[in-house]
Amino acid sequence: MDLLCGFGPIKVLFKALPCHKVWPFWSWKLDQYKIESGQPNIVVDYEEQLLFPQGELVFEDEQGCIIRQIYALADGRLLWQQTDKKTGTCQLQYAVSADRKSITLTSDRSDTVGMGAFESLTFLIFYLFIYQKVLTFHGVLIEERGRGFLVCAESGVGKTTHARLWRDSKNALIINGDRATCFESNGSWYGFGTPWCGTSGENINRTVKLQAVVILDRGEQNEVTKETGMSLLNFAVYPSWHREMTEEMLSLLDRFLEKLPILRLQCTKDVRSVDTLYGALENIPL
């Protein structure tokens, strides 16, 4: 049977697949997001037909022995693939429809019984969220006493450590430990959880009204200052190589920055940093 999931305002339909080994994680990875009915905004399905990339190479990234590429095909589709650098073997391949409403897994030779394919959706699905008026940031989404805020930082600064200090000292919820997804409703912005949360493993099916965005820096003392909105652009998840999606993201970001303050927290690695930020958030109306 098909599996319909709700992620904030977005409904995603995972189609019934002919190969039972492709998505064997359904019972635990998506259980909390299952919904009974609704019209899907995005469809994810499987059709084994390895495609030859004949279009324009618009993106390429190498990480260790892995090469990830995106091609813009002549018919308007996007082709994403992950290749083993040493052997040249295509491990995973996805095709995104021209209307950006469906993602088709065209090949899975990763020998990860579906997990590699599912986790690799993180490289595509947040791009399609832009067409649904949803912003995504590389950061942690936290809820504390009904107020939500984002914590963004460069890799290695310690946003996960800081988020867990909030969880342990303030009983806060980490709604997503790696991707903060946000949408506007009735003039306010809200954050919500998805199952794509990087290596943090932390995600909750929950929606919370946002109060602020915090950019984290390490320092020898704890201090909160106001930050310009342009600093947040460094943490937005969008395809810079695609003009239409980039322009739509920037339009959404402008609306986001009209409503939410951006703070910069210079902080130590202990719980005192939480107390400093807590005091600053207390002065911001929700």
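Laboratory data are not the source of any read-out in this text; all were calculated from the coordinates shown. Remember, predicted model here, so these are calculated numbers, not experimental data. Here the Cβ is made from the backbone with ideal geometry for all residues, glycine too, and neighbour counts use every protein chain on show.
Numbers at a glance
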{"item": "Cα pair count fraction exceeding 33 Å, expressed as % - the chain", "result": "25"}
{"item": "Residue-span extension gain [SER155 to SER37] - 0.36 nm each, minus C-alpha spacing", "result": "38.6 nm"}
{"item": "FRET efficiency for ARG167 and GLU220, using Cβ-Cβ distance with R0 set to 22 Å, rounded to 0.05", "result": "0.35"}
{"item": "Dimensionless Rg/Rh of region 178-266 - Kirkwood Rh, Rg from C-alpha atoms", "result": "0.98"}
{"item": "Spin-label proximity, LYS101 to region 65-95 - amide N less than 11 Å from point 7 Å beyond Cα toward beta carbon", "result": "none"}
{"item": "Among VAL208, VAL12, VAL157: highest mean-square fluctuation, GNM of the chain, C-alpha pairs under 10 Å", "result": "VAL157"}
{"item": "Debye intensity ratio in log₁₀ form over the Cα atoms of region 112-179, taken at each q of 0.11, 0.12, 0.15, 0.23 Å⁻¹", "result": "-0.34, -0.40, -0.60, -1.00"}
{"item": "Gain in span if fully extended, TYR278 to LYS259, counting 0.36 nm per residue against the direct Cα distance", "result": "4.9 nm"}
{"item": "Highest average packing first - 209-219, 275-285, 136-146, Cβ atoms within 10 Å", "result": "136-146, 209-219, 275-285"}
{"item": "FRET efficiency for SER188 and THR87, using Cβ-Cβ distance with R0 set to 41 Å, rounded to 0.05", "result": "0.25"}
{"item": "Additional length obtainable on full extension of the chain from VAL271 to ARG206, 0.36 nm per residue less Cα span", "result": "20.9 nm"}
{"item": "Expected 222 nm ellipticity per residue - DSSP helices of 4 or more, -39500 (n - 2.57), all of the chain, to 500", "result": "-5500 deg cm²/dmol"}
{"item": "Considering only the chain, percent of DSSP beta bridges that pair antiparallel, nearest 5", "result": "75"}
{"item": "By average C-beta atoms within 10 angstrom, highest first, the peptides 254-261, 188-195", "result": "188-195, 254-261"}
